[in-house]
Amino acid sequence: MPGRSARQSQGFADARLHSFLVFGDQVQWARYPAVAEEPCAQAWLSLQLNLGLAPSTVAAYARALDDHLRFCRQIAVTTGAASRADIAAYLRDLTTRPNGRAGRGRSGARLANATLQQRLTAVRLYYDYLVEEGLRSTNPVGRGRYTPGRNFGGASDRGILPRYHTLPWIPDDAQWRAILEAARAEPRRNRLMLALAYDAALRREELCRLETSDVDPAARLLRVRAETTKTRRERIVPYSEATGELYAAYLVERRTFGRARGPLFLSASRRNRGQPITLWTWSKVVAGIGRRAGVPNFSTHTPRHLCLTDLARAGWGVHEIAQFAGHRNVQSTLLYIHVSGRELATKMERGLAAIHAWRAELALEVLG
């Protein structure tokens, strides 16, 4: 009976994985043939689902692992036999690839450092799994650090792949106005989603998975459930009066799909009418707004970046912003928020003016 229960559990996990990859709103199983043909890779992704990782995280792992498995095929090596030299060759290949999403005028751009780090992390975790299952004796990726004398695995101040921290892009006032003007032509649902994404600094998944019970219109508060967040930390955040008016108007429109409670944002398309909106649908909406506004850098994460930066500009403390954003560590918050060089220059000018006035007053008092 225990064996049968385990098989049933594994079968359920496999069914969840298949549903997630084929019918879910994250990725399509057919897009990752190398993973689909590797039983261990499928088992590892099933494990990630059972552990409760966010669907977007599992999708990212699937992309990274599929890419690595395809590279292994190119160099005629299996993951069971891959060496540290093979991992080094894979990293070399990653760092020399062109970035197809870099945008117009950036044909020479390479994959972003964050993308490289994400792929390396997924590959390292997969090899950890192979070691735990007894399919390998060591992890060829190591723990991410090496020294020139000791190569991989040694204590060092330098990682296998240097980690760069760049400031997130946020629109200036003119660009944000153009984005709002472009969004004016969107259906009420999309306008409300954009407003909430900014007001509450919501991640894409947090926004799309909101439910009607998560909104308290009387207090204008939004409950972001733990299971929808990246850090699995629930939080309560406010939204503006203007957004509250949009919400009330959208509820009238939403009732045309039915009065049942549940997912807040529903699809209006003929094929999926009344079904919860998918992450990809929202991404397409945002991309369209960015194109019409002439702001190609606009993404689903931009309103979150902008909101947190605006809170910093308004004088909020970093710990308050971290709590608002749902960050576990304030270091994550510091990576999200930034003040423009112009604002820093203005602060410096004011500071120097105050210092100069104090020195002039002191000189007058002493020497006058």
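Read-outs: derived from the displayed coordinates by stated rules, not from any lab. As the structure is a computational prediction, the values presented were derived from the model and not from experiment. Backbone-built Cβ (ideal geometry, glycine too); neighbour counts: all protein chains shown.
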Handout entry: Taking Glu241, Glu253 and counting other C-beta atoms within 10 Å, the order from fewest to most
Key = Glu241, Glu253
Practice task
Sum up the charges of everything whose Cβ sits under 12 Å from the Cβ of Ala62, counting Lys and Arg as +1 and Asp and Glu as -1, but leave Ala62 out.
Solution key: 0
Exercise for the section: Enumerate the whole-percent occupancy of each 10 Å bin, from 0 to the last occupied one, for all C-alpha pair distances of the stretch 180-262. Expected result: 17, 53, 28, 2
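Give the peptides 116-129, 217-230 in descending order of average Cβ contacts within 10 Å, highest first.
On the way: 116-129: 19.9, 217-230: 15.0.
With the highest mean Cβ count within 10 Å placed first, the list reads 116-129, 217-230.
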Handout entry: Ala174-Ser83 FRET efficiency (beta carbon distance; Förster radius 51 Å; 0.05 resolution)
Key = 0.45
Fill in the blank from the handout: Thr231 and Arg270 label points (each 7 Å along its Cα→Cβ direction) are spaced in nm at 4.5
Exercise for the section: Just add up the charged neighbours of Val252: K/R +1, D/E -1, any other residue whose Cβ is under 13 Å from the Cβ of Val252. Expected result: +3
